[in-house]
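Just below is one structure, and these are the notes that go with it.
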Amino acid sequence: MAATAELEYESVLCVKSDVNVYRIPPRTSNRGYRASDWKLDHPDWTGRLRVTSKGKTAYIKLEDKVSGELFAQAPIDQYPGIAVETVTDSSRYFVIRIQNGTGRSAFIGIGFMDRGDAFDFNVSLQDHFKWVKQETEISKESQEADTRPKLDLGFKEGQTIKLNIGNMTTKKGGAAKPRASGSGGLSLLPPPPGGKIAVPPIPPTSSTAIANHVTPPPVLKSSNMNSAGILLDLGTPVPASKAPATTDLWGDFSAASSAVPNQAPQQSNWVQF
């Protein structure tokens, strides 16, 4: 505790260059002090006032204006409290309890000529003890947090956890299941609503066109050949003498294709829109 007190430093909260000190009569009732009972025109001492703090304790120090010698000091551990009290008939006068090194104490009155100086003096004490209250609450909460049982958020032996990522469910320590896909690994999208897909007609190939325009060669009929003979002739090769005289086998095809007028492309079974 002594080491902590040595580390604390003194800070200045407020300085006022003019303050009057009065000897006050003892209080005879609990109604409070009245500045009108003092000899306000004849102060007992005039000097400088400093409000300092060291740790949680504030000090009102009355010092000489020129030399800075300490005239009296009032330690304050609570405000408002018995160490500093306001009077009932003015906002510029206060009653403070001064103490010496031996522990003896006395009550004196102090007063400021300017009302703003009295306001600053009052606010400096209020701000300090507001800070003391906050520090006390924070310290109390930290002590309560240390005494509470701490939560163990670690995994126990054998404990697992499941993670849901979209449509894929994985288990800690295991392999992820592959997402189901359509045939060929591609997912086909459905057609847009309100319409049908029109498939363009497939143009006929050259072999198909040729097959459509080629006329079969005429079958030679003989007067002495019956229907059975015709069927037999289809299975036997045609002799060379009966073949056409021309050597170009594709001439008839080209001639036939040129003779046939241009036909419209065949309509497919698909309905076009």
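The values are calculated or read from the model by the stated rules, or taken from the named source; none is laboratory data. Computed from a predicted model, the values in this text were never measured in an experiment. We place every Cβ from the backbone using ideal geometry, glycine too, and count neighbours over all the protein chains shown. The area values use the complete protein model at the heavy-atom level, side chains included, leaving out ligands, DNA and RNA. Shrake-Rupley method; radii C 1.70, N 1.55, O 1.52, S 1.80 Å.
Annotations
- Lone unmet requirement of (1) aliphatic (A, V, I, L, M); (2) over 18 Å from PHE121 (Cα atoms); (3) surrounded by fewer than 18 Cβ atoms within 10 Å (Cβ to Cβ) for ILE24: (3)
- Selection status of GLY111, open to solvent by 50 Å² or more (accessible area, probe 1.4 Å) and at negative phi: no
- Checked against the criterion of being touching a Ser or Thr at 6+ places or on another chain (Cβ under 7 Å), free of Cβ contacts under 8 Å to residues at least 60 places away in the same chain and on the phi < 0 side of the Ramachandran plot, region 119-142 contains not a single residue that satisfies it.
- Every condition in (1) within 22 Å of GLU8 (Cα to Cα); (2) at pLDDT 90 or above; (3) open to solvent by 30 Å² or more (accessible area, probe 1.4 Å) is met by ASP64 except one, and the failing one is (1).
- Region 49-148 holds strands (runs of 3 or more DSSP E) entirely within its bounds, and those carrying 2 or more residues that are out of contact with any Phe, Trp or Tyr (no Cβ under 8 Å at 6 or more places or on another chain) and over 20 Å from PRO26 (Cβ atoms) map to 57-63.
- Checking THR102 against (1) in contact with a helix residue (DSSP H, G or I) (Cβ under 7 Å, 6 or more places away or on another chain); (2) at pLDDT below 95, the condition it does not meet: (1)
- Residues satisfying the stated conditions in region 9-43, i.e. part of a strand (DSSP E or B) and of a type in the set (Val, Ile, Thr): VAL12, VAL15, VAL19, VAL21
To keep it simple, each residue is scored yes or no on (1) free of Cβ contacts under 8 Å to residues at least 40 places away in the same chain; (2) open to solvent by 60 Å² or more (accessible area, probe 1.4 Å); (3) not hydroxyl-bearing (Ser, Thr, Tyr).
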| site | (1), (2), (3) |
| --- | --- |
| SER11 | no, no, no |
| ASN20 | no, no, yes |
| ALA35 | no, no, yes |
| HIS42 | yes, yes, yes |
| LEU49 | no, no, yes |
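- Selection count, region 72-105, where residues are within 14 Å of LEU62 (Cα to Cα) and out of contact with any strand residue (DSSP E or B) (no Cβ under 6 Å at 6 or more places or on another chain): 1
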